[in-house]
Amino acid sequence: MSPSRGRNIPLLVAPLLLFLLLNYFFWFRKDTHGAEQEFIQSQNHTNVDPVASNPSDCPDLPGIHDVLVVLKTGATEALEKVPVHFNTTLKCIPNFVLFSDFEEEIAGIQVHDILRSVDENIKQTNAEFDLYNRLRESGRAGLTAEDINDDPSTPSGKPDNRGWLLDKWKFLPMINETLNIRADAKWYVFIEADTYVVWPNLLAWLEKFDPSQPYYMGSGVQILDIVFGHGGSGLVLSQAAMHKVSDHHASRVKEYDDFTAGHWAGDCVLGKALKDAGVGLFFANPMLQGDTPWTFSHYGPNTDHHWCTPVVTYHHMTPDDIRETWEFEQSWWANVSLHCPGPKGKPYLFRNY
């Protein structure tokens, strides 16, 4: 973390941006710091914290029980990036599941192998599964220093990063594995280990939509003729969209395996499957977007400015970023509850200062 970035949240608010409280009706009506906070798994295999389901330092979250949150990660990053979420972004979430390329527990939370259903012949013959096979055989002892390499992104991703190369195979299996865990959620929110979500804003926004309709919400990206939602910015799929793409994929597994093998972006693979199933992307940027609070572009190229836009997701967030932003957010909602009482509080938004 560079000290020159001014990561202290109060300093961030003044010179760079202020999350402005507007009228409620303007937009809508364990680093775990210790595994002392215990989490358990419910019968449907989602993670439930019986103590913190409605902790005093969490904002009111109407509708959160209708949501299943899916955090996708990988063995090369999980121990560094996942634990902070248990006391921040997932702390107030009653139903969530962790998927990775390695079955393990992190701070008492089960992490599921998302690649278990991929064709075994692919696993044995495709070099991109070398990391996965070593993990299956030797566990974390099979990791090498080269596996942990977190090289910078290029226009074509991270072609020298073994974990990144394997990641593209997770997106389509993630749909069925998620439905196997809970098929009746109204909304499915997919995030990655460096994604931050402002839950009150997201839930209030989702109230505007009917989950029985096939919604696929994300920050729009395009590769050739495929328009898709950027995975790290967060993806939201309705119940209808989940079942529609799952049914479509079920009869075309080899077709999509072949497509995945020849592609480099897993979120694009998912976007293609959704498009083929008749579910186009609902453009949700800049609510769902891929920057941090410190790199967010407040001014677009023309009149596409983002003032008064509700904050929903950030991406490329380090554990320290997540922790500091969470602390700021909690103080924000506490202040809102004190000065603007109501069942849902009010959103915070981007605003120049």
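Annotations for the structure displayed:
- Rounded to the nearest 10 square angstrom, Leu270 shows an accessible area of 0 square angstrom against a 1.4 Å probe.
- Among the protein heavy atoms, those of Cys268 account for about 0 Å² of accessible surface (1.4 Å probe, every chain in place).
- Here's how it looks for Phe96: its modeled amide H is under 5 Å from those of Asn47, Val69, which are all 5 or more places away or on a different chain.
- Simple point charges give the picture: +1 on the Cβ of Lys and Arg, -1 on the Cβ of Asp and Glu, and for segment 122-231 a dipole about the Cα centre of about 300 debye.
- Accessible-area ranking of Leu165, Leu71, largest first, probe 1.4 Å: Leu165, Leu71
- Cβ-derived FRET efficiency at R0 22 Å, Phe283 paired with Lys208, nearest 0.05: 0.90
- Segment 209-282-segment 78-145 distance, computed between alpha-carbon centres (Å): 22
- Trp164, Trp199, reordered so the largest accessible area comes first (probe 1.4 Å): Trp164, Trp199
- Largest to smallest in accessible area, the residues Ile122, Ile109 fall in the order Ile122, Ile109 (1.4 Å probe, all protein chains included).
- Sorted on the mean count of surrounding Cβ atoms within 10 Å across their residues, most packed first, peptides 201-207, 95-101 read 95-101, 201-207.
- Per-q log10 I(q)/I(0), segment 130-282, q = 0.09, 0.11, 0.14, 0.17 Å⁻¹ (Debye; single scatterer per alpha-carbon; no solvent): -0.32, -0.47, -0.75, -1.06
- Ordering of 84-90, 285-291, 232-238 by burial proxy (mean other Cβ atoms within 10 Å per residue, highest first): 232-238, 84-90, 285-291
- Descending semi-axes in Å of segment 206-316, equivalent ellipsoid built from Cα gyration tensor: 27, 17, 11
- Across Lys208/Lys254; Lys91/Lys272; Lys168/Lys275; Lys168/Lys208; Lys81/Lys272; Lys186/Lys254, pairs whose alpha-carbon gap is larger than 27 Å: Lys208/Lys254; Lys91/Lys272; Lys168/Lys208; Lys81/Lys272; Lys186/Lys254
The values are calculated or read from the model by the stated rules, or taken from the named source; none is laboratory data. Note that the structure is predicted; figures quoted are calculated from it, not measured. Positions of Cβ are generated from backbone atoms using ideal geometry, with glycine treated the same way; all protein chains shown enter the neighbour counts. Calculation scope for accessible area: heavy atoms of the full protein, side chains included, ligands and nucleic acids excluded. Shrake-Rupley method; radii C 1.70, N 1.55, O 1.52, S 1.80 Å.
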